[in-house]
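One structure is given below, encoded as structure tokens.
The values are calculated or read from the model by the stated rules, or taken from the named source; none is laboratory data. On a predicted model such as this, the values are computed, not experimentally measured, just so you know. All Cβ positions, even for glycine, are placed from backbone atoms using ideal geometry, and neighbour counts span all protein chains on display. In case anyone asks, the SASA skips ligands and DNA or RNA and just uses the protein heavy atoms, side chains included. Shrake-Rupley method; radii C 1.70, N 1.55, O 1.52, S 1.80 Å.
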Amino acid sequence: MKRRLPFILLAWVASDIYFFEAVKTLTTNEFILWGYWLVDFLIAAGFYFLVTRRGATRQYPNLIAALMAFTLLVFVPKIFALPVLLIEDITRLFRHFPPRSVWVSELDMAIAVFVFLSLLYGMTGGRHRYKVHRITLKFPDLPAAFDGFTITQLSDIHAGSFTSVKGVEKGISLVNKQKSNLLLFTGDLVNNKASEMDPWKEAFAKLKAPYGKYSVLGNHDYGDYTGWESEEAKAANLVSLKHVHKEIGFKLLLNSSTEIQKDGQSIALIGVENWGKGGFHKYGSLTKAADDIPDDKFKILMSHDPSHWEAKTLEHEKHINLALAGHTHGMQFGIELFGFQWSPVKYVYPQWAGLYERNGKYLYVNRGFGFLGFKGRLGIWPEITVITLKKATA
């Protein structure tokens, strides 16, 4: 991030100066012109405060969130609007640089306003605009008793980001309306600390599934991204978080497995601790978790980070029929229209949202129930996944 910072700052300053040309074309009002730069100054002052004050990033999480939100609202609309000015300047180059056209600056401003309002919606209504994604998967080795069995998957709750009781209860109610047989949660219950769940325990305890509720840990659940007075305090926090899972009715699978029984037949449910590529911790062990499961048993794996699928799951000695992950959030920003999917996170994670298949093995990546960093969602809405298992016929 430090290496990228000069380029980010350069892009910010350059876009501001360039977009200011459109503003000057449309108005000479001194209040508006000075206000344009005042907003930038206040945002820069906020970041300067965080950088220069020791421990500020840990002491002022709300300030960080506010600065990120304002930066997106100020910076991103200008980036989308700049191509219009650039095209005009290319034409002006061949016209001996006449004054800028008012109508071009008006178009530029209209684009910026549209993007601004879209982002604003994402930070308000978008964060709880839950969408139910339904898929049906067929497997030849699925036990007959599980033909038509339904699973609801949730992921990335991030309770520390919630502020709206009504918004959260809306999502929980929608989960229960699915009336799935089994409820699976694939990690990141909190942002950093177990105490973030205190206001939300009662709400999430209302989640129901007749065949049980099971969960795994995500990278944020270990408390790796915040300061602790001691290693003992960090360890105690993890113990508390594991207890929270129990309090809200989830059985936490920590590199372990269990059997889901139905009409005398069973399938294996495996849960591994977080395992992620790059700098993410690799606490998970699929070998340990699946050690006692017969090779011919139908297996569902819960593993928070989708990079685990290509790195470990696909080539594992035991056939994993279906893996469920989360982690990416779809970056909470992107486009999903008419079958087309795009988000910047695709350049980091090949499997970032939805269903993937390879040689009869499936991975589903949930887009997340909550949000983190950017306190909203735009285009990539919070997700409730409903998976129906079917037995494939010859």
Give the Cα extents of the stretch 65-131 along the principal axes, in whole Å, largest first. 51, 23, 17
So if I place +1 on the C-beta of Lys and Arg and -1 on the C-beta of Asp and Glu, and nothing else carries charge, what would the dipole magnitude of the stretch 1-145 be about its Cα centre? I want it in debye, nearest 20. 740
Computed from the beta carbon distance with a Förster radius of 25 Å, FRET efficiency for ILE79 and THR28 to the nearest 0.05 stands at 0.50
The stretch 308-394, dipole about Cα centre (Lys/Arg Cβ +1, Asp/Glu Cβ -1), debye to the nearest 20: 140
Can you tell me the relative contact order of the chain? Whole percent, Cα pairs under 8 Å, sequence separation 6 or more. 20
In the stretch 235-324, what GluC sites (Glu not before Pro) fall in a loop by DSSP, with at most 16 other Cβ atoms inside 10 Å? GLU315, GLU317
What longest region of the chain stays clear of trypsin sites (Lys or Arg not before Pro) that DSSP places outside H, G, I, E and B and that have at most 11 other Cβ atoms within 10 Å? 96-394
Per residue, how much space in cubic angstrom lies within the convex hull of the C-alpha atoms of the stretch 139-262? 113
Against the longest alpha carbon principal axis of the chain, how many degrees, from 0 to 90 and to the nearest 10, is the axis of helix 165-177 turned? 40
Using the Kirkwood radius built from alpha carbon pairs, what does the Stokes-Einstein equation give as D for the stretch 271-394 at 25 °C and 0.890 mPa s, in µm² per second? 159
Beyond 32 Å (Cα-Cα) in this structure, taken from LYS193/LYS312; LYS78/LYS177; LYS78/LYS170; LYS166/LYS288; LYS251/LYS282, we find LYS78/LYS177; LYS78/LYS170; LYS166/LYS288
Cross-link partners of LYS234 among aspartates and glutamates (Cα-Cα below 12 Å; sequence separation of 8 or more within a chain): ASP221, ASP224
Aspartates and glutamates within cross-link reach of LYS179: Cα-Cα under 20 Å, excluding same-chain residues under 8 positions apart? ASP147, GLU169, GLU202, ASP263, GLU383
Cα-based convex hull volume of the stretch 250-341 per residue, rounded to whole Å³: 148
Under a Cβ-Cβ cut-off of 9 Å, what is the net charge of the residues other than HIS327 that fall near it, where Lys and Arg count +1 and Asp and Glu count -1? -3
With +1 on the Cβ of every Lys and Arg and -1 on the Cβ of every Asp and Glu, the dipole magnitude of the chain about its Cα centre, in debye rounded to the nearest 20, is 440
Considering only protein heavy atoms and a probe of 1.4 Å, how much of the accessible area of the stretch 287-394 is carbon and sulfur, as a whole percent? 55
Counting Lys +1, Arg +1, Asp -1, Glu -1, what net charge surrounds ASN219 among other residues with beta carbon under 12 Å of its beta carbon? -4
DSSP beta bridges in the chain: the antiparallel percent, rounded to 5, is 40
What is the local net charge at LYS206, summed over the other residues whose Cβ is closer than 15 Å to its Cβ (Lys, Arg +1; Asp, Glu -1)? +4
For n ≥ 4 DSSP H runs only, could you compute -39500 (n - 2.57) per run for the chain, divide by its residues and tell me the 222 nm figure to the nearest 500? -12000 deg cm²/dmol
Return the whole-Å distance between the Cα centroid of the stretch 283-346 and the Cα centroid of the stretch 239-254. 22
Please enumerate, by chain and number, the lysines with C-alpha under 16 Å from the C-alpha of LYS390, excluding those fewer than 8 residues away in the same chain. LYS138, LYS262, LYS297, LYS299, LYS361
Tell me the per residue accessible area of the chain using a 1.4 Å probe; a whole number in Å² is fine. 50
The answer for chymotrypsin sites (Phe, Trp or Tyr not before Pro) in the stretch 16-124 that fall in a DSSP coil and have at most 13 neighbouring Cβ atoms within 10 Å is PHE94
Please identify every one of the GluC sites (Glu not before Pro) in the stretch 171-233 that sits in a loop by DSSP and has no more than 11 other beta carbons within 10 Å of its own beta carbon. GLU229
